[in-house]
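J.: Submitted below is the structure of interest, expressed as structure tokens.
The values are calculated or read from the model by the stated rules, or taken from the named source; none is laboratory data. The shown structure was predicted, so the numbers you read here are calculated from the model rather than taken from an experiment. Because the Cβ atoms are built from the backbone with ideal geometry, glycine has one as well, and the counts that use them run over all protein chains shown.
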Amino acid sequence: MSFADDYRPSDINALILSVEARHAMVSWIDSWVNHSETKKALILWGQQGIGKTSTAYALARYAGLSIIEMNASEQRNRENMKKIALMASEYRDLFDENTRTPDKLILIDEADNIFESRNKSTGGDTGGISELLDIIKNTKNPVVITMNDYYSFKAKNNAKEIISRSLDIEMTPYRRKNEVNYKSFRRSVEQVLRKIAGNERIAITDIQIDDIIKLNEPDIRAMINDLYLYRVHETDYGDNSRDTSESIYYLTSDTFRTSDYNALLRSLSMMDEDTDFYMKWINENISYEYSDTEDLMDAYDLLSHADICYGNRFKDFALDNYAKETTAGISLIVKSRNNHYIKYNFPSYIKKLGLRKRNSEIFNNMFFAGRIASMSHTSIATVSRDMWFYNIIKKKDKKLYSFISEIIEIK
């Protein structure tokens, strides 16, 4: 999980917003709680990284609502919109069906990426926009829609009716750098970055924080993630920026979209991750980036060739670089490039491995606590509260931990 996710604000007052935008959003969600809603949906739009999704989650928390999200990683066609968002919008708590109070907030993330097409071979999400309109018409719960390109969305069929039934707020924190809103934005961002740096024990100067802000503004998420880069490398920020670690996200984007193969190779040569990690990122996100069947086939074919080379790298270490360069070749072979913003996903294979390890640790701790509880005639809950103590013993004194394990008959 990135710094931006770790430090996502959950309080509506912690969001970096103008006073007017905050007041409008709170009034809108209050109208739902008070049964006086006139606008069924809230549209939050503006460039990536300025807090649209975080705002939706903060509003849900403010109103005490659970949240149901449909994002760009899911195919938004008629059937899936019905299954996920429509059911969530039309029905409330089955055990309290007489209440008028909403019990959830529906988030449709990156709605400008829904595009209408009758040709399924081009990836058309047929009926997605019209289904979204039906959701807003019939909803018994508040709906938040986020998008980067408001005007592109506005040009779609049925989009104008969606907008007419919604309160739309541009999330741009300022218009010009000589206005009051910009000064307020800078102060708020500086406070956030300093707080994170303090929590994470990052030694960073005011000048270096200023460099991070200037490079990324108004993208708050990028600022926070670049602060993480500074922690990882503990060198001058200006020399590193996105050359390593978190830059895998940007390298993925460049692989799919750049036409400058040599520039991509130079970026890859400065990458701090191994080739296998890079290839897994590409494999995870190919299907989100390309919709043309021929492009998909060519990209996966090239990636499979690179994987064979990588698998034989111990026979010839030059094959590692060859696998990386072959994967980067995807940028040269595709014919239909995507112009829409894509939120790339972390490789699910690695996520599952991490989850498996975490579940194994939880099971081992619970088993250990169960044995201690049985022998000391206390509850598992009581022992679990003291597991931090046994974990310290496990790390600091393996001989003592081994002795305890023998006593409670854990091999």
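J.: Out of the residues in the range 64-74 meeting the condition of being farther than 12 Å from E131 by Cβ and in contact with an Asp or Glu (Cβ under 8 Å, 6 or more places away or on another chain), tell me which one is modelled with the highest pLDDT. Please lay out each step first, then the result.
T.: The first filter runs over the range 64-74 and keeps only residues farther than 12 Å from E131 by Cβ, leaving 64-69, 71-74.
If we keep only those that are in contact with an Asp or Glu (Cβ under 8 Å, 6 or more places away or on another chain) too, we end up with 65-66, 69, 71-72.
Values: L65: 91, S66: 88, E69: 81, N71: 60, A72: 47.
Checking each candidate, the answer is L65.
J.: Oh, and also: Determine, yes or no, whether S267 is modelled with pLDDT under 85 and over 24 Å from D6 (Cβ atoms).
T.: Criteria met by S267.
J.: In the list I169, I145, I204, which residue meets the criterion of being hydrophobic (A, V, I, L, M, F, W, C), buried (at least 18 other Cβ atoms within 10 Å of the Cβ) and either on the phi > 0 side of the Ramachandran plot or at pLDDT below 90 (or both)?
T.: Result: I204 is the single residue among I169, I145, I204 that is hydrophobic (A, V, I, L, M, F, W, C), buried (at least 18 other Cβ atoms within 10 Å of the Cβ) and either on the phi > 0 side of the Ramachandran plot or at pLDDT below 90 (or both).
J.: Given (1) modelled with pLDDT of 85 or more; (2) touching a Gly at 6+ places or on another chain (Cβ under 9 Å), identify the lone condition not met by R221.
T.: Looking at each condition in turn, R221 falls short on (1).
J.: When both residues are 6+ apart or on different chains and their Cβ atoms are under 8 Å apart, which pairs have a first residue that lies in the range 266-281 and is of a type in the set (V, I, T), and a second that is at pLDDT 80 or above and not in a loop (DSSP other than H, G, I, E, B)?
T.: From the range 266-281, the pairs are T275/Y310; T275/D320; T275/N321; T275/A323; T275/K324; T275/T327.
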